[in-house]
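Engineer: Provided herewith is a single structure, encoded as structure tokens, for subsequent inquiry.
The values are calculated or read from the model by the stated rules, or taken from the named source; none is laboratory data. The structure presented is a predicted model; accordingly, all values stated were derived computationally and were not measured. Glycine gets a Cβ as well: all are built from the backbone with ideal geometry, and neighbour counts include every protein chain shown. Each accessible area value is taken on the protein alone, full model and side chains, heavy atoms only, with ligands, DNA and RNA left out. Shrake-Rupley method; radii C 1.70, N 1.55, O 1.52, S 1.80 Å.
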Amino acid sequence: MTRISNDTLKPVPDGIEKPGYDRATVTVGIVHLGIGAFHRAHQAVFTDDVLAHDPSWGICGVSLRSPDTRDALAPQDGLYTLKIQDGGGETLRIIGSVVEMLVAPEGPKAVLARMADPATRIVSLTVTEKGYCHNPATGMLDENHPDVLHDLQNPAAPRSAVGFIVEALARRRAAGVAAFTLLSCDNLPSNGHVLKRVVSRFAELRDPGLAAFVADVASPSTMIDRIVPATTDADRAAIAAALGVDDAWPVVTEPFRQWIIEDHFPLGRPAWEEAGAVFVPEVSAFETMKLRLLNGSHSTLAYLGFLAGAETVADAMALPGMQPLIDGLMSEEVSPTLPPLAGFDLAAYRGALIQRFKNPALRHRTWQIAMDGSQKLPQRLLGTIRDRMRAGASYDRLVLGVAAWMSYARGLDEAGEAIDVRDPLAGRIAALTQGLDDPEQIVVAFLGITEVFADDLSRDDGFRAALTDGLSRLLSKGAAVELAAWQRPVR
Ligand code: CS2
């Protein structure tokens, strides 16, 4: 079958929405680092919605590692299908906002040239937590990170997002071009601040004059939300059948989408509010809420669900005891720790999350969410646990999520089979826990990883005891039996 492209768009059935602007007039205004499925189902869609107002905000999508996305999208002129689905049905839409694709390892020069171009006014990122080359517990640049060391030595051929950003800023400074706005769209607390901090430190390590220029760069924080599972071959086949043309790289998502952004864009920005984005002076309260309620629940669901044999989040939600556990985690343990959000209906937000997790049409694998736990847990579960400890309040469900991560990350499932653990610390965790089967020893080994737990939690006796208790139950009874105990209203 032919591939979707500018030339083959016409025969695509009328019921399927297509770009409502002339793609030939679109020019690049945004360079996006990390053009994965999430970006293509979120920011690229908000941008597609507003390109008719101003075609100067097209996206150049950069892959920092693999050429897959460029290889798939280049023959399609950057076009791809967005499939939105839940139990109520599905809609398809063709997105046209990505007009250029670059692969950083193949052509760092081209990426830097595009970032340094005066027409580029925003550099946005979805590079995942580990892409910030930071210490997850402190949020500071990891100055011994191999990519950081490499990029300091090789400024003109960087590997990391941080290295690309600082070199591009150096070139703009040298050319007398104003700095672009940085826009982090990753699941980190105060993501704009984290990004600014690592970029500033990296610039300082390169040259103090450059550091002074970088100090003035705008880096608004954002809260981003849309659940986007990895696309499967079955999705591709169903989408091709509906379109009448092939699409090698569609994305599949839920109806819900949310984007809350601090409005600080010195060189301007697309009118994303026309597409439903919300601009606020301060995003951190929203970000904390989302990270702790949605992502904290997601990680808990992923580890407990995976261990209990659930392939997807919806399957995990159907395990006896899981929904009451997640409900209680959100309402009793997380919500009291959240900063006040005037006029925001937290109960409705939690209720909507439960429904989103149960979306039967999204096959969101627990294994996918389980990835990179060492980078995710600090902001998803551990900060909440700290707040609960300070308040002298219980954190039984939260700690069970952390214990489930330990059980998972040591790399053995309940049948004793190896788990394919994807985590930058996987090797270290395996070495630390190898041959251990006593829950307390396993917990102690994990707690030694201070870039996850920081000194306070690493040394906390109460936390260690609670983790040991949770891990003992998981290892002796199994996750399904442990979950079933949460069906009772009182333990
Ligand atoms: C998920 C997130 O993979 C994960 O860790 O928790 O990607 C989640 O789906 C998004 O943050 C939803 O906005």
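Engineer: Every residue in region 150-181 that is over 15 Å from R201 (Cβ atoms) and of a type in the set (V, I, T), please.
Structural biologist: V177, T181
Engineer: Being part of a helix (DSSP H, G or I) and surrounded by fewer than 18 Cβ atoms within 10 Å (Cβ to Cβ) is the filter here, so list the residues in region 465-490 that pass it.
Structural biologist: Our first condition is that a residue be part of a helix (DSSP H, G or I); within region 465-490, this holds for 465-477, 479-487.
Result: A465, D469, S472, R473, S476, K477, V481, A484, A485, Q487.
Engineer: Sticking with this one: Does any residue of region 305-320 turn out to be touching a helix residue (DSSP H, G or I) at 6+ places or on another chain (Cβ under 9 Å), over 22 Å from T232 (Cβ atoms), modelled with pLDDT under 95 and not hydrophobic (A, V, I, L, M, F, W, C)?
Structural biologist: The answer is no, given that none of the residues of region 305-320 is touching a helix residue (DSSP H, G or I) at 6+ places or on another chain (Cβ under 9 Å), over 22 Å from T232 (Cβ atoms), modelled with pLDDT under 95 and not hydrophobic (A, V, I, L, M, F, W, C).
Engineer: Consider E204 against the criteria (1) within 16 Å of the ligand (Cβ to nearest atom); (2) surrounded by fewer than 21 Cβ atoms within 10 Å (Cβ to Cβ): it satisfies all of them except one. Which criterion is unmet?
Structural biologist: For E204, the failing item is (1).
Listed here are the residues, each with its yes/no results for (1) touching a residue at least 12 places away in the same chain (Cβ under 8 Å); (2) of a type outside the set (S, T, N, Q).
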{"site": "H193", "(1), (2)": "yes, yes"}
{"site": "K196", "(1), (2)": "yes, yes"}
{"site": "V199", "(1), (2)": "yes, yes"}
{"site": "A211", "(1), (2)": "no, yes"}
{"site": "I227", "(1), (2)": "yes, yes"}
{"site": "T231", "(1), (2)": "yes, no"}
{"site": "A241", "(1), (2)": "no, yes"}
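Engineer: Another question about this same structure. Counting only residues that are over 21 Å from P108 (Cβ atoms) and more than 16 Å from the ligand (Cβ to nearest atom), give me the helices (runs of 4 or more DSSP H) lying completely in region 3-93 with at least 3 of them.
Structural biologist: Working: elements: 37-41, 43-50, 68-73.
Here the list reads 43-50.
Engineer: Does region 108-119 include one or more residues that are part of a loop (DSSP other than H, G, I, E, B) and under 15 Å from T69 (Cα atoms)? Give the derivation first.
Structural biologist: Step one: filter region 108-119 for residues part of a loop (DSSP other than H, G, I, E, B), giving 117-119.
With the extra rule that they be under 15 Å from T69 (Cα atoms), the set shrinks to none.
No.
Engineer: May I pose another question? Kindly list the number of the only condition in (1) on the phi > 0 side of the Ramachandran plot; (2) open to solvent by less than 60 Å² (accessible area, probe 1.4 Å); (3) not aliphatic (A, V, I, L, M) that fails for F213.
Structural biologist: With (1) on the phi > 0 side of the Ramachandran plot; (2) open to solvent by less than 60 Å² (accessible area, probe 1.4 Å); (3) not aliphatic (A, V, I, L, M) applied to F213, the lone miss is (1).
Engineer: Considering region 333-349 alone, what residues qualify as being out of contact with any Asp or Glu (no Cβ under 9 Å at 6 or more places or on another chain) and either open to solvent by 60 Å² or more (accessible area, probe 1.4 Å) or free of Cβ contacts under 8 Å to residues at least 40 places away in the same chain (or both)?
Structural biologist: P340, A342, G343, F344, D345, A347, A348
Engineer: If you go through region 355-409 one residue at a time, how many are more than 12 Å from the ligand (Cβ to nearest atom) and within 15 Å of the chain's Cα centre (by Cα)?
Structural biologist: 2
Engineer: Please pick out the residue among A302, A230, A310, A277 that is touching a strand residue (DSSP E or B) at 6+ places or on another chain (Cβ under 8 Å), within 16 Å of the ligand (Cβ to nearest atom) and open to solvent by less than 40 Å² (accessible area, probe 1.4 Å).
Structural biologist: On the way: A302 fails: touching a strand residue (DSSP E or B) at 6+ places or on another chain (Cβ under 8 Å); A230 fails: open to solvent by less than 40 Å² (accessible area, probe 1.4 Å); A310 fails: touching a strand residue (DSSP E or B) at 6+ places or on another chain (Cβ under 8 Å).
Exactly one of A302, A230, A310, A277 is touching a strand residue (DSSP E or B) at 6+ places or on another chain (Cβ under 8 Å), within 16 Å of the ligand (Cβ to nearest atom) and open to solvent by less than 40 Å² (accessible area, probe 1.4 Å), namely A277.
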